[in-house]
Amino acid sequence: MQALYMLALSPIAETHGDPNSYGFRIERCTADAMAQLFLCLSKQASACWVLDADIEGFFDNINHEWLLRNAPTDTRMLQQWLKAGVIHKGQLHATDAGTPQGGIISPVLANLALDGLETLLKQYLGVARAKKLKVNVVRYADDFVITGTSSEVLENEVKPWVEQFLATRGLRLSLKKTRVAHIDEGFDFLGWSFRKYEGTLLIKPSKKNVKAFYSKVREVIDSHKTVRQGDLIRMLNPMLRGWALYHQPVVAKQAYSRMDNRVFIKLWRWAKRRHPNKSLDWVRKKYFRASGDRKWVFATTVLEENGTKREFELYSLASTPIERHRKVSGEYNPYDPAMEAMGEKLRMDRMLNKLKYRKQIGNLFASQNGLCLLCKQPITKETGWHDHHIIHRAVDGGDALANRVLLHPNCHNQLHTRGLHVSKPASIGSLVKA
């Protein structure tokens, strides 16, 4: 039931959401929030002070009465969800505030509660004055940062307004975690450290994030002292790859190398413990191999289901290339048909370097005999291409290959501008007025 109501609420939340709110929204992620902060802080003339804010017990304290008055949904059903209570250790506890923990609709309700933080703040200050004071709000769920030209502006004008904004919703800032900081001193946000070094803004994995991740890796290794090497690699690789990809858009090469070294030391101790009576050279040859220009690679030989053998090695963090994130436009609304082309290009640009996506493009290219379905001319590396959804994603068109075709960029723009439609079979295609 919550999923049905969420489907109805989501377009409203997207339409009324703040431009620089990036949590729990379609085609938006933490990397978008990071990229927006880079735009706001990286230049020499950018704001040099930030209000690094944290809301105390956000999901537990949202005022029910405010939600019932302001959420554009069936208030009777919403009240039942909010007042349903929770069962903890076999006991039913009343819920007088907060959103349903784990409920599928909770993220949408949370965004509805905080939407307006950016737009209303700029209205309060005045749009022209806010621009002069370089006040920018970047929010991801309940974590947000507000920039400004001076600490006085943030402490005396912005922070009191934010506290009043939150109070009407039953929320308040955490006194311990909320602070005003200079960009030269730096601050942490979403697992990254933002700090200027001699006028250059560098975004790196935060020390807290690195420490927390290594603790998880260490726990996995320590709790599996007797498993086979291949099984341990299978447990570690998804963790290592996920952490590396999260930090891929930032200055992370040094953090990758250091983490690789710490994981290597931990695995070396793991291997030595298993064979206390063997020589160090014997242990090295059993658990570590040479791979390319790397000499100490934690690797083994595994037997596939078809009977073939293959080398299986630990994922190398240092081998992860740094790739700048393609930021979504703050005005983008996935439910607006007029922005369908923008969404398709954004998705294509983000996915182009992914192996799975390249295979999909290859299949589409082959099924169309290498031709654009609109002009019937060849698609080449020089002409470029766009990945077009026949049934728009804004109206629930899926990402299956049966709903996608390749078009020249100019043809794609013409198709959306003139309201044209291409359809499969992809070998010929047809052109009709939408």
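The values are calculated or read from the model by the stated rules, or taken from the named source; none is laboratory data. Small disclaimer: the values here were computed from a predicted structure and weren't measured. A quick note on method: Cβ atoms are made from the backbone with ideal geometry, for glycine too, and the neighbour counts reach across all protein chains shown. Ligands, DNA and RNA are stripped out before the accessible areas are found, and what is left, the full protein with its side chains, is counted by its heavy atoms. Shrake-Rupley method; radii C 1.70, N 1.55, O 1.52, S 1.80 Å.
Under the rule of at least 5 residues apart or a separate chain, name every residue whose amide H is placed under 5 Å from the amide H of Gly23.
Ala141
Provide the gained length on full extension for the span Thr200 to Glu155, in nm with one decimal, where the gain is 0.36 nm per separating residue minus the Cα-Cα distance.
Once the chain is fully extended between Thr200 and Glu155, it gains 13.7 nm.
Please turn the phi angles of the stretch 229-238 into ³J(HN,Hα) values with the Karplus equation 6.51 cos²θ - 1.76 cosθ + 1.60 (θ = phi - 60°), one per residue in order, whole Hz, x for glycine and proline.
4, x, 5, 5, 4, 4, 6, 7, 4, x
Run the simple label-point estimate for Val220 and Leu4 please: 7 Å along Cα→C-beta, distance reported in nm.
It works out to 4.1 nm between the two label points.
Quick check on packing: order 349-356, 328-335 by the mean number of other C-beta atoms within 10 Å, highest mean leading.
Ranking the peptides 349-356, 328-335 by packing returns 328-335, 349-356.
Would you work out what percent of the accessible area of the stretch 298-386, with all protein chains in place, is carbon or sulfur (probe 1.4 Å)?
After summing per-atom areas, the C and S share lands at 55 percent.
Can you tell me the order of 366-372, 48-54 when each peptide is scored by its average per-residue count of other Cβ atoms within 10 angstrom, highest first?
Order by mean packing, descending: 48-54, 366-372.
Of the accessible area of the stretch 203-242, with the probe set at 1.4 angstrom, what percent is carbon plus sulfur?
Carbon and sulfur together cover 54 percent of it.
Could you size up the charge dipole of the stretch 275-434 around its Cα centre, putting +1 on the beta carbon of Lys and Arg and -1 on that of Asp and Glu, and report it in debye to the nearest 20?
Value, rounded to 20: 560 debye.
Specify which labelled value, from [x] 145, 62, 38; [y] 71, 63, 56; [z] 147, 73, 40, agrees with Cα extents along the principal axes in Å derived from the coordinates of the model shown.
Structure-derived value, by its label: [y].
According to the square roots a ≥ b ≥ c of the eigenvalues of the Cα gyration tensor, what is the shape class of the stretch 148-187, taking rounded for a/c under 1.5, prolate for a/b larger than b/c otherwise, and oblate for the remainder?
It comes out oblate by the Cα gyration axes.
Please report the carbon-and-sulfur percent of the accessible area for the stretch 35-109; probe 1.4 Å, protein heavy atoms only, DNA, RNA and ligands left out.
52 percent
Can you work out the FRET efficiency for the pair Arg418 and Ser257, with r the C-beta to C-beta distance and R0 = 45 Å, to the nearest 0.05?
That gives a FRET efficiency of 0.30.
At 7 Å along Cα-to-Cβ for each site, give me the label-to-label distance between Phe264 and Phe165 in nm.
Those two pseudo-labels are separated by 4.7 nm.
Counting only residues 5 or more places away or on other chains, whose amide H sits under 5 Å from the amide H of Phe189 once H atoms are built in the peptide plane?
Amide H neighbours of Phe189: Phe194.
Amide H to amide H, which residues 5 or more places from Asp336 or on other chains are under 5 Å from it, using H placed in the peptide plane?
none
Ser174 to Asn277: extension gain in nm, 0.36 nm per residue of separation minus the Cα-Cα distance?
Fully extending the segment from Ser174 to Asn277 adds 31.6 nm.
Quick one: accessible area per residue over the stretch 194-265, 1.4 Å probe, rounded to a whole number of Å²?
55 Å²
Quick one: what are the phi-derived ³J(HN,Hα) couplings along the stretch 347-362, Karplus 6.51/-1.76/1.60 with θ = phi - 60°, whole Hz, x for glycine and proline?
5, 5, 4, 6, 8, 4, 8, 8, 4, 4, 5, 4, 5, 5, 4, x
³J(HN,Hα) across the stretch 246-255 via Karplus (A = 6.51, B = -1.76, C = 1.60, θ = phi - 60°), whole Hz, x for Gly/Pro?
For the stretch 246-255, the Karplus-derived couplings read 4, 8, 4, x, 10, 7, 10, 4, 5, 5 Hz, x marking Gly and Pro.
Once both labels are modelled 7 Å past Cα along the beta-carbon direction, what's the Asp293-Lys211 spacing in nm?
3.4 nm
Bin width 5 Å, origin at 0, all Cα-Cα pairs of the stretch 1-137: what percent of pairs per bin?
Computed distribution, short to long bins: 2, 9, 16, 19, 17, 14, 10, 7, 4, 2, 1, 0.
Would you mind getting the accessible area per residue of the stretch 1-119, heavy atoms of the protein chains only, 1.4 Å probe, in Å²?
Per-residue accessible area for the stretch 1-119 comes out at 46 Å².
For the pairs Lys131/Lys159; Lys176/Lys196; Lys345/Lys424, note any where the Cα-Cα span goes beyond 19 Å.
Lys176/Lys196; Lys345/Lys424
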